[in-house]
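The values are calculated or read from the model by the stated rules, or taken from the named source; none is laboratory data. All of these numbers come straight from a predicted model, not from anything done at the bench. Here Cβ is always computed from backbone atoms with ideal geometry, including for glycine, and neighbour counts include all displayed protein chains. Please note that ligands, DNA and RNA were not included when accessible areas were found on the heavy atoms of the full protein model with its side chains. Shrake-Rupley method; radii C 1.70, N 1.55, O 1.52, S 1.80 Å.
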Amino acid sequence: MKTPDLTLPQGVRARFGEGSDEVAVKLADAVAEFLAARLKDAPRASLVVSGGSTPLPFFRALSGRDLDWSRVDVLFADERWVNADDPASNTRLVRENLLQNRAASARFLSLKQPGATPSEGLEAVKAELADLALPLDVLILGMGNDGHTASLFPDAPE
């Protein structure tokens, strides 16, 4: 089955482009449009993203969109438990590629909190997310070359 042959749920639209940069711009336009519409009806809007290198063109394109970014909460669908200055840190990637330009005033909610392990940081993560309005508005999930999405790996026993 090819992607254009998929039957998508009501309200879900596929967007195609000639290359990853064109798709990133189209996705940035669609997300910005949705967030702007949400901000007309709500005090805040949420944008949940995945890390890794794949979304970087999307982050860069979205960072320049004209929105009231001060009312947008940005957080991760998943995060690696490494310090923000670690080369593997998704937080670093978002700060350097999305929370720039117009998007610099967005509120970033970090899933990486003090503690040697995620279990040690769990209460701090809960506190960080305590006033996040639900349901979430926009969720962007990527897919790795090995087929994983949001750190869920195909055929992994766990």
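Between residue 88 and residue 5, with labels modelled 7 Å along Cα→Cβ, what's the label distance in nm to one decimal, could you check?
Between residue 88 and residue 5, the label points sit 3.9 nm apart.
Placing +1 on the Cβ of each Lys and Arg and -1 on the Cβ of each Asp and Glu in the range 1-138, which of 20, 82, 64 has its Cα farthest towards the positive end of the resulting dipole?
Of the candidates, 64 comes out farthest on the positive side.
Considering only protein heavy atoms and a probe of 1.4 Å, how much of the accessible area of the chain is carbon and sulfur, as a whole percent?
That fraction is 53 percent.
Which length gain, in nm to one decimal place, applies between residue 33 and residue 66 when the Cα-Cα distance is subtracted from 0.36 nm times their residue separation?
10.9 nm
For residue 108, which sequence-distant residues (separation of 5 or more, or a different chain) have an amide H within less than 5 Å of its own amide H, given hydrogens modelled in the peptide plane?
Those qualifying (amide H under 5 Å, at least 5 residues apart or on another chain) are 74.
Between beta-carbons, use under 14 Å as the cut-off and find the net charge around residue 130, counting Lys and Arg +1, Asp and Glu -1.
-1
Using the Karplus curve 6.51 cos²θ - 1.76 cosθ + 1.60 with θ = phi - 60°, work out ³J(HN,Hα) for each residue of the range 9-19 in order, rounded to whole Hz, and write x for Gly and Pro.
So the Karplus estimates, Gly and Pro as x, are x, 4, x, 9, 10, 7, 10, 10, x, 6, x Hz.
Amide H neighbours of residue 139 under 5 Å, at least 5 residues apart or on other chains, H built in the peptide plane: list them.
Correct list: 48.
Residues of the range 32-67 with the amide nitrogen closer than 19 Å to a label point 7 Å from the Cα of residue 21, along Cα-to-Cβ, please.
Counting only backbone N, you get 53-65.
Mind checking which of 79, 33, 123 has the largest fluctuation in a GNM of the chain, springs on alpha carbons under 10 Å?
Comparing 79, 33, 123 in a Gaussian network model of the chain, the most mobile one is 123.
Taking the Cα atoms of the range 29-151 alone, what are Rg (to one decimal) and Dmax (as a whole number) in Å?
14.2, 41
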